[in-house]
Amino acid sequence: MTVLQGWQELPLNRFVRMKSGDFIGADEVESDGEYRVYGGNGPRGFTDHFNTVGPIVLVGRQGAHCGNVHVAYGKVWISEHALRCFPQKELDARWLAYALQDMNLNQHSVSAAQPGLSVDNLKHLRTALPPYKTQRRIAEFLDVKTAQIDALIEKKRALLDRLAEKHQALITHAVTKGLDPHAPMKDSGIDWLGEIPAHWEVKRLRYLLDGGTLNGLYKSKEQFSDDGSPFVQMGEAFRSVVFVGGTKDRVATDSNELERWSLKEGDFLIARRSLVFDGSGKSVRIGALAENHLFESSMIRIRPCPAKVASQFLSYYFQSSVARAMFLAITKQVTISGIDSQQLKDIDVPVPETREESEKIADFCNEQQSSIDDVATQIISSISSLVEYRSALINAAVTGQLDLEAA
C-alpha cells in the first residue's frame, strides 16, 4: 500500500479498540425509552439505560447485517449483535465509518451456522490513517456527496415502488373488469370484488380445477439422492411468478409418487404455510419443465381445467390485489401462518364467459408486464451504477486518491 506524506499505514488495533456490545432482552427494548438501542443494522428502539457514550462507530457482527457500519452519538446502548470501535487516538468517527465501509468487512466473516465477525478477524487489517484534519475534511466531503447519491438512489427506489403499484393496479383491473371499458357491468355479490362484466361469472376455484388439490410430499433427509428426481422447495418455487426449473435437491422416488406428485405445465403451487404472514397463499405457475419435478409438503398443487379457464389468466388473478387480500383474509395466524385445501377451493374467481377472452386478458397482462419490466430493469441498472459510484468515491477519498480541493 502506497500512502501519502503525513499518512500512516497501520493495523486497526493501533488506533481502534474493538469490543462487542452487551446483551439486551427484547422486553427491555421500548419505543419511548430515554436511550437509543443499536443492533447490527442500526437503531432498533429505546431503553432506560446506556452502555456507551458516542460518537462511536459500530459494525454489525452477525447474520445478514454482518459488516454493516453505523455511527452512534451521545448515550446509547449497543447490543451484542454489533462491535464497538473505540478510538485509541485523535480520530474522527465519521472518517472511521467510511474507512471501515471501504474495507468490506463482511468478507472477513467466519462461516458457521450463522456468519459472524470477531475482533480477531479484524484487528490486524491494515489501512491508511491520515492526519486528524484530513480525516475531518474527507468525512465532510463524503457526508455531502454520499447524501446526494443516497437521495438519488432513494428516488429511483421509490419509482420502482410506483411501477410495482401501477403493475398491480393494471393487473387487478384487467382480471376483474375485463378489457372493454364499455362492457355492461353487474354486481358480483362479493363486497371485495365489486362489479364485474355482465357476461362473466363468479365461480369457486374448486369448479375450475381438474382433480382438486394435492398437498406436497414429505421426504426425510435419508431419501435425498443425487440420482433422484428434482424436489421443489418453497424458496425455489416462488423466485418468480413462473417456475421453469432449478432445484438444489433431488429425492429418491417410485413410479406411484411420480405419477401422483409430478408437476405439469400450467399447474400452480400455492404456499399453504409460511413463517411470514404475507407469504401465505403465494402462488406460482408451472412452466415447461425438462423432467419430472416433485414438490415439498409446504405447498399445495392445483391443476386448472384448460376448458374452463386459461392458466395464465388465473396466474394474473392470483397476483391481483383483490386475490392477495382474499388469501391473507383466510390465513390462519399461528406460529406458522397458513391456509388449507378446503379454504383454497372455496376462493371466488371472476371468470370470463369464454376461454378466448381470458387468454386475451392474459396476453394484455403479459404485454404490460414486459413493458414495466423493461423500465424496471433500466432503473435497477441505474441504481447499481450509483451504488458502485458511491463505493468508488469513498475508496478514492479515504485512500487519498481524490484531490478534495479540486472535487
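For (1) out of contact with any Cys (no Cβ under 7 Å at 6 or more places or on another chain); (2) free of Cβ contacts under 8 Å to residues at least 60 places away in the same chain; (3) open to solvent by 50 Å² or more (accessible area, probe 1.4 Å), each residue gets a yes or a no:
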residue	(1), (2), (3)
VAL144	yes, yes, yes
ILE149	yes, no, no
LEU179	yes, no, yes
SER188	yes, no, no
LEU193	yes, no, no
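What number goes with the only condition from (1) hydroxyl-bearing (Ser, Thr, Tyr); (2) at pLDDT below 95; (3) part of a helix (DSSP H, G or I); (4) surrounded by fewer than 17 Cβ atoms within 10 Å (Cβ to Cβ) that THR335 does not pass?
The number of the failed condition is (3).
Criterion first (touching a helix residue (DSSP H, G or I) at 6+ places or on another chain (Cβ under 6 Å), open to solvent by less than 20 Å² (accessible area, probe 1.4 Å) and assigned to a strand (DSSP E or B)) does VAL309 satisfy it?
So VAL309 fails the test.
Tell me, yes or no, whether the range 380-388 has at least one residue that is modelled with pLDDT under 90, part of a helix (DSSP H, G or I) and surrounded by 14 or more Cβ atoms within 10 Å (Cβ to Cβ).
no
Go through the range 195-212 and count every residue that is open to solvent by less than 30 Å² (accessible area, probe 1.4 Å) and under 22 Å from PHE295 (Cα atoms).
Of the residues in that region, 4 qualify.
Name the pairs whose Cβ atoms lie under 6 Å apart, with the first residue in the range 245-270 and within 18 Å of SER220 (Cα to Cα) and open to solvent by 30 Å² or more (accessible area, probe 1.4 Å), the second at pLDDT below 95 and part of a helix (DSSP H, G or I), and 6 or more positions between them or separate chains?
Close Cβ pairs satisfying both conditions: THR247/GLU236; ALA252/GLN223.
Is it the case that the range 111-130 has a residue that's free of Cβ contacts under 8 Å to residues at least 24 places away in the same chain and either surrounded by 13 or more Cβ atoms within 10 Å (Cβ to Cβ) or in contact with a Leu (Cβ under 6 Å, 6 or more places away or on another chain) (or both)?
For the range 111-130, residues free of Cβ contacts under 8 Å to residues at least 24 places away in the same chain and either surrounded by 13 or more Cβ atoms within 10 Å (Cβ to Cβ) or in contact with a Leu (Cβ under 6 Å, 6 or more places away or on another chain) (or both): present.
Yes/no matrix, rows are residues, columns are (1) open to solvent by less than 70 Å² (accessible area, probe 1.4 Å); (2) outside any strand (DSSP E or B); (3) of a type in the set (A, V, I, L, M):
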position: LEU4; (1), (2), (3): no, yes, yes
position: LEU10; (1), (2), (3): yes, no, yes
position: ASN13; (1), (2), (3): yes, yes, no
position: ARG17; (1), (2), (3): no, no, no
position: VAL37; (1), (2), (3): yes, no, yes
position: GLY45; (1), (2), (3): yes, no, no
position: PHE50; (1), (2), (3): no, yes, no
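Those residues that are more than 18 Å from PHE86 (Cα to Cα), touching a residue at least 24 places away in the same chain (Cβ under 8 Å), in contact with a strand residue (DSSP E or B) (Cβ under 6 Å, 6 or more places away or on another chain) and not aromatic (Phe, Trp, Tyr), I need them from the range 1-35; list them, please.
MET1, VAL3, GLN8, GLU9, ILE24
Kindly indicate whether any position in the range 4-22 is touching a Phe, Trp or Tyr at 6+ places or on another chain (Cβ under 6 Å) and within 29 Å of PRO130 (Cα to Cα).
yes
The values are calculated or read from the model by the stated rules, or taken from the named source; none is laboratory data. The model shown is predicted, which means the values in this text are computed figures rather than measured ones. Every residue, glycine among them, receives a Cβ derived from its backbone with ideal geometry; neighbour counts consider all protein chains shown. Keep in mind that these areas ignore ligands, DNA and RNA; they rest on the heavy atoms of the full protein, side chains included. Shrake-Rupley method; radii C 1.70, N 1.55, O 1.52, S 1.80 Å.
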